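As structure tokens, the structure follows; a few thoughts come after it.
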Amino acid sequence: MFKYITRRLIVTLITVLGATIILFIIIQFLPGDPATVILGPRATPEIIEEVRAKMWLDRPVHIQLVRFLYNIVRGDLGTDVLNYMPVSTLVFNALPYTIVLAITSILIASVVGIPLGTYAAAYKNSLPDKITGLLSISMIAIPSFLAGVLFLLFFSVYLDWFPAMGGGKEGDILSQIWHLILPASSLALGWIGYIARIMRASVLEEMTEDYVRTARSKGLTLRKVIFKHVLRGALIPVIAVIGVGFGNLLGGAVITEIIFHRPGLGTLIYNAIQSRNYPIVQGGLIIAVLLYSLVNLLADLSYGFIDPRVRSD
Amino acid sequence: MSKKLNFLFEFIEAIRESNIRRVFSEPLGLLGFLLILFLVLIALFASSIAPYSPSDIDIANRLAKPSSEHLFGTDNLGRDVFSRLVFGSRIALTVPILTISFGIVLAIFFGLIAGYSSERVGNMFLVMFDIIKSFPALLFAMTIIALTGSNLFVLIIIIGITRFPAYARLIRAQTLRVKGKEYVVAAKAIGASVFKIMYKHILPNVIGPIFIQAAMDIPVVITFVAALSFLGLGVPPPTPSWGTMIKTGYSFIRIAPWMVIYGGIVLIWATLGFTLFGEALRDNLDPRLNRQR
């Protein structure tokens with residue numbers, strides 16, 4: 001187990017470092033000089049030279065890279081070139097919105113998907129089971145950004161039940177929850193299908209265990225056996241899958257945020273790309289990679305903890 | 001030439017001997033196949049099916065409602081939505097196929113080396129695969145394409161790179177399995193070069209499972225390309241693409257919802273078709289699942 005954790009930790013570290021260096025290289029290859037971008041086309045050569053010196057752009061590339069990494073370790077992600085705000089402030093203001101969106105989606109997906117899968121397994125091969133199966137695969141096949149657009153169209157434009165944009169009023173929890181429902185459900189849709197299928201398979205596998213037969217022959221009803229015994233064992237793989245999926249969910253959250261004009265990491269990076277505000281793109285991506293790697297690390301570790309076979313891979 | 005043909009015959013024979021028929025006897029597998037077939041036919045005969053040219057601009061008729069004249073309405077430039085969707089199927093099908101092919105080529109190269117070399121080197125490759133896999137693919141693709149400008153070539157390269165580790169892992173695992181087999185040892189004994197052993201003797205025996213994985217990946221890539229196009233970073237205009245059309249529809253969602261609705265239906269049709277068919281393929285052909293059947 002120790003060896004497994006060490007290996008995963010090293011891979012995570014290398015990933016974050018590798019991604020950061022790749023980002024640095026990408027920014028190096030940018031069309032146009034960052035100093036010129038900041039100062040605009042009318043800046044005199046002297047001023048450009050001064051700003052370049054201030055940004056260390058006149059030093060050799062490897063020195064710039066070391067300084068870049070050193071700053072990141074200190075928590076300095078650079079300064080936004082349009083409003084001169086520290087990028088770290090912008091990123092950490094946006095981050096909670098994204099995390100709340102992702103967690104709410106996974107909650108919705110679990111609350112709907114787990115009972116659906118359990119029900120399908122309990123009545124295996126019945127009509128409701130088959131309908132659930134078809135529904136699950138259809139939900140998996142719908143891209144989450146499309147689900148977002150269609151939800152927006154039906155629930156917000158046609159029915160006018162939910163607000164179409166924004167993250168809700170600051171400090172007003174109810175309004176924020178109200179604004180969260182549509183994006184979170186559209187992001188959750190595919191995961192409902194996914195979790196329902198895994199839950200079904202997991203319950204079915206658990207039902208073949210000896211203790212289930214014992215409990216049944218003791219005279220317990222199917223419902224009691226499932227609720228009291230089977231669910232506990234069957235939930236373990238689902239929890240592991242949710243952990244692994246959380247990282248992917250963060251990726252999907254990016255587009256969902258853009259569709260619903262919700263504040264968050266995705267919107268921040270997307271808007272920064274549009275306005276060529278590279279320090280924000282860079283800083284946002286670094287935090288995204290970090291978050292993504294950490295979530296994956298945690299999921300892998302918990303997976304290895306639950307299933308010993310994983311560790312020996 | 002005849003050798004190549006032989007390989008083709010062997011391939012067809014292998015398919016006939018395999019359980020491919022079972023895929024079509026499953027209702028969902030068959031449904032998936034029919035959805036794909038229909039789509040392929042539409043893409044092939046797009047120019048005879050579409051009533052208008054996909055790029056004909058008709059400003060007087062912009063954002064026209066669906067009617068007998070324009071079956072699915074028109075977009076913000078007065079272009080016929082139905083015709084654009086029909087032509088969009090070409091891009092929707094070719095980009096994932098090119099992307100996945102590129103991914104498979106990368107995977108064959110790295111996967112064979114990783115499997116055939118020593119354990120230490122193999123582990124280094126595994127770490128590399130893990131690193132690439134753990135990048136937030138969409139965010140990275142978004143950034144790189146935003147910087148380079150959207151063009152199909154870059155799109156295919158980037159998505160191919162993000163997808164290849166999964167295939168490479170499979171090839172590595174399969175290579176590990178066959179590299180101690182007698183025919184490989186025999187080839188080594190008669191002095192075949194490493195290159196020849198890898199590509200002539202190992203590759204044909206490890207490539208099978210990749211196709212199943214690739215089939216399962218097609219809907220993922222279709223979605224990925226559509227999502228990037230939706231952000232304005234995928235297929236560059238004026239090429240008709242479903243993602244771009246859904247984006248346009250999204251901008252006019254309150255006054256012209258038909259673009260989003262029909263674009264969405266077509267996109268779901270494609271992803272659903274490939275998902276159903278891919279799963280039926282996996283369930284019936286993947287030897288790793290045979291135990292459980």
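Read the figures in this text as sums done on the coordinates, not as results from a lab. Just so you know, these numbers come straight off a predicted model, no measurement behind them. For neighbour counting, all protein chains shown are included, and Cβ atoms are generated from backbone atoms with ideal geometry for every residue, glycine included.
Using alpha carbon centroids, what distance separates the stretch B:230-282 and the stretch B:157-182, in Å?
The distance from the Cα centre of the stretch B:230-282 to that of the stretch B:157-182 comes to 31 Å.
Mind sorting B:Asp58, A:Asp172 by how few other Cβ atoms lie within 10 Å of their own Cβ, fewest first? Please list the in-between numbers first.
Numbers: B:Asp58 14, A:Asp172 11.
Listing B:Asp58, A:Asp172 from fewest to most nearby Cβ atoms yields A:Asp172, B:Asp58.
Under the definition of Cα pairs under 8 Å and six or more residues apart, what whole-number percent is the relative contact order of chain B?
With pairs under 8 Å counted, the relative contact order is 25 percent.
Quick check for me: using +1 on Lys/Arg Cβ and -1 on Asp/Glu Cβ, what's the dipole size of the stretch A:65-196 about its Cα centre, in debye to the nearest 20?
340 debye
Mind checking the angle between helix A:265-274 and chain A's longest principal axis? C-alpha axes, 0 to 90 degrees, to the nearest 10.
40 degrees
Between A:Ile63 and B:Arg254, how many nm apart are label points set 7 Å from Cα along the C-beta direction?
Between A:Ile63 and B:Arg254, the label points sit 5.5 nm apart.
Using a Gaussian network model of chain B with C-alpha springs under 10 Å, which one of B:Ile12, B:Ile104, B:Ile91 is most mobile by mean-square fluctuation?
Comparing B:Ile12, B:Ile104, B:Ile91 in a Gaussian network model of chain B, the most mobile one is B:Ile12.
Can you give the net charge of the other residues whose Cβ lies under 13 Å from the Cβ of A:Gly193, counting K and R as +1 and D and E as -1? Spell out each step's value before the answer.
Values: positive: A:Arg197, A:Arg200; negative: B:Glu279.
With Lys, Arg at +1 and Asp, Glu at -1, the neighbours total +1.
Which parts of the stretch B:257-278 would a label at B:Asp58 reach, counting a residue when its backbone N lies under 19 Å from a point 7 Å out along Cα-to-Cβ?
Hits in the stretch B:257-278 for B:Asp58 at 19 Å: B:257-260, B:262-263.
Between 0 and 90 degrees, rounded to the nearest ten: what's the tilt of helix A:2-28 against the longest Cα principal axis of chain A?
40 degrees
Sorted from fewest to most neighbouring beta carbons within 10 Å, what does the list A:Val225, B:Val40, A:Val149, B:Val86 look like? Each step should come with its number before you reach the end.
Numbers: A:Val225 20, B:Val40 13, A:Val149 27, B:Val86 24.
Ordered from fewest to most neighbouring Cβ atoms within 10 Å, A:Val225, B:Val40, A:Val149, B:Val86 come out as B:Val40, A:Val225, B:Val86, A:Val149.
Please compute the average number of Cβ atoms from other chains found within 10 Å of each residue's Cβ in peptide A:135-144. Walk me through the numbers on the way to the answer.
Numbers: counts 0, 0, 6, 5, 0, 5, 14, 6, 14, 2.
Mean inter-chain Cβ contacts per residue within 10 Å come to 5.
Report the relative contact order of chain A, percent, no decimals, based on alpha-carbon pairs under 8 angstrom and at least 6 residues apart.
Reported as a whole number, the value is 26 percent.
Give me the number: length gained by fully extending A:Phe2 to A:Asn93, i.e. 0.36 nm times residue separation minus the C-alpha to C-alpha distance, one decimal in nm. Intermediate results must be reported in sequence, preceding the final value.
Working: separation 91, 0.36 × 91 = 32.76 nm, distance 3.59 nm.
Gain on stretching A:Phe2 to A:Asn93: 29.2 nm.
Using 0.36 nm times the number of residues separating B:Phe9 and B:Arg120, minus their current alpha carbon distance, what extension gain do you get?
36.1 nm
Local charge sum around B:Thr162 (other residues, Cβ-Cβ under 15 Å, Lys/Arg +1, Asp/Glu -1)?
+1
Taking the Cα centroid of the stretch A:210-236 and of the stretch B:191-217, what is the distance between the two, rounded to the nearest whole Å?
What the calculation gives is 45 Å, centre to centre.
Expressed as a whole number of Å, what is the distance separating the alpha-carbon centroids of the stretch A:275-303 and the stretch B:49-89?
With the stretch B:49-89 and the stretch A:275-303 each reduced to a Cα centre, they are spaced 41 Å.
Assign unit charges at the C-beta atoms only (+1 for Lys and Arg, -1 for Asp and Glu), then state the dipole size of the stretch B:156-293 relative to its Cα centre in Debye, rounded to the nearest 20.
Numbers: 15 positive and 5 negative charges, 123 e Å.
Dipole of the stretch B:156-293, to the nearest 20 debye: 580 debye.
As a test of the formula, what do you get for chain B when each DSSP H run with n ≥ 4 contributes -39,500 (n - 2.57) and the sum is divided by the residue count, at 222 nm and rounded to the nearest 500 deg cm²/dmol? Let's see the in-between values first.
On the way: 13 runs with 207 residues, N = 293.
Computed mean residue ellipticity for chain B: -23500 deg cm²/dmol.
Taking springs between alpha-carbon atoms closer than 10 angstrom, which of B:Ala270, B:Ala256, B:Ala107 fluctuates most in the Gaussian network model of chain B?
B:Ala256
In a GNM of chain A with a 10 Å cut-off on Cα contacts, which of A:Gly219, A:Gly190, A:Gly252 has the highest mean-square fluctuation?
A:Gly219
Among all helices in chain B defined by DSSP H, which have a length of 18 Å or more along the axis from Cα atoms plus a Kyte-Doolittle mean of at least 1.0?
B:27-44, B:81-116, B:152-178, B:208-230, B:258-285
If one takes the longest principal axis of the Cα atoms in chain A, at what angle in degrees, from 0 to 90 and to the nearest 10, does the Cα axis of helix A:45-54 lie?
50 degrees
Near A:Lys3, which lysines are there with a Cα under 26 Å away, not counting those fewer than 8 places off in the same chain?
Result set, ordered by chain and number: B:Lys133.
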